[in-house]
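Here is the structure we will look at.
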Amino acid sequence: MSLLQHHDEVAFDPLRLGQRSLVTKAVFVLAGTLILALASQIAVPMVPVPITMQTFAITMIGALYGWRLGAVTVLAWLGEAAIGFPVLAGGAGGVAPFMGPTAGYLASFPIIAALVGWLAERGWSGNRVVRSFLAHLSANILCLAIGGAWLAALIGAEKGWLLGVAPFILGAVLKSALAAAVLKTIQVYSGKARLN
């Protein structure tokens, strides 16, 4: 088996973005920012804290777009938020979210998109469900660590943990499992489409 064949076997690129023009990639970036804005408004009722689908969308964009385009898409979305578009959770926008309690989480978003994209490009996605789950879970935990550290600096370590990390661990596990299942389904259907 050649190195190229092996890469094709493990690489996860169902959208074939690596082969598309710059204009097409720009359209995907714009579509990705819209998906991120919509996902930020979807809340799953959980006790004690509702969980948004924001990080689910971020890691999925990383997996589907690859690490470079995934990070660029998340940065573009954060740029839209910074100039005042109401694209963050709860319809937030402007400079305030980047300076308050959510700043650490926002800073982590391009990093976790890139992490999942980088791992997906190395086979941690699609048919490799356990690795896919671990890729998304590691990104979610990294998000909570960066966000929680920022929150701890503002309100103290104990409160930072209790309010900014602990309530979201179960959601991180569930969203990671959902992402792995969705990506497995995408891999199956994109494989069938290629055969037809």
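Observations on the structure shown:
- Residue within the range 124-141 that is of a type in the set (A, V, I, L, M, F, W, C), farther than 22 Å from residue 185 by Cβ and at pLDDT 95 or above present: yes
- All of 11, 63, 71, 31 fail the test of being over 18 Å from residue 168 (Cα atoms), small (Gly, Ala, Ser) and modelled with pLDDT under 95, apart from 11.
- Members of the range 90-120 that are open to solvent by 40 Å² or more (accessible area, probe 1.4 Å), under 15 Å from the mean Cα position of the chain (by Cα) and small (Gly, Ala, Ser): 107
- Selected residue [touching a residue at least 60 places away in the same chain (Cβ under 8 Å), of a type in the set (A, V, I, L, M, F, W, C) and open to solvent by 50 Å² or more (accessible area, probe 1.4 Å)] from 133, 168: 168
- Every condition in (1) open to solvent by less than 40 Å² (accessible area, probe 1.4 Å); (2) closer than 20 Å to residue 172 by Cα is met by residue 77 except one, and the failing one is (2).
- Apart from one condition, residue 126 fits all of (1) in contact (Cβ under 8 Å) with a residue 40 or more places away in the chain; (2) surrounded by fewer than 23 Cβ atoms within 10 Å (Cβ to Cβ); (3) not in a helix (DSSP H, G or I); the exception is (2).
- Residue in the range 158-170 that is part of a loop (DSSP other than H, G, I, E, B) and either in contact with a strand residue (DSSP E or B) (Cβ under 6 Å, 6 or more places away or on another chain) or of a type in the set (A, V, I, L, M) (or both) present: yes
- Test result for residue 138, assigned to a helix (DSSP H, G or I) and hydroxyl-bearing (Ser, Thr, Tyr): yes
- In the range 16-28, of all residues being closer than 21 Å to residue 189 by Cα and surrounded by 12 or more Cβ atoms within 10 Å (Cβ to Cβ), the one that is modelled with the highest pLDDT corresponds to 28.
- When 62, 90 are checked against the criterion of being at positive phi and part of a helix (DSSP H, G or I), a single residue qualifies: 90.
The values are calculated or read from the model by the stated rules, or taken from the named source; none is laboratory data. This is a predicted model, so every value here is computed, not measured. Cβ: placed from backbone, ideal geometry, glycine included. Neighbour counts: every protein chain shown. Ligands, DNA and RNA are stripped out before the accessible areas are found, and what is left, the full protein with its side chains, is counted by its heavy atoms. Shrake-Rupley method; radii C 1.70, N 1.55, O 1.52, S 1.80 Å.
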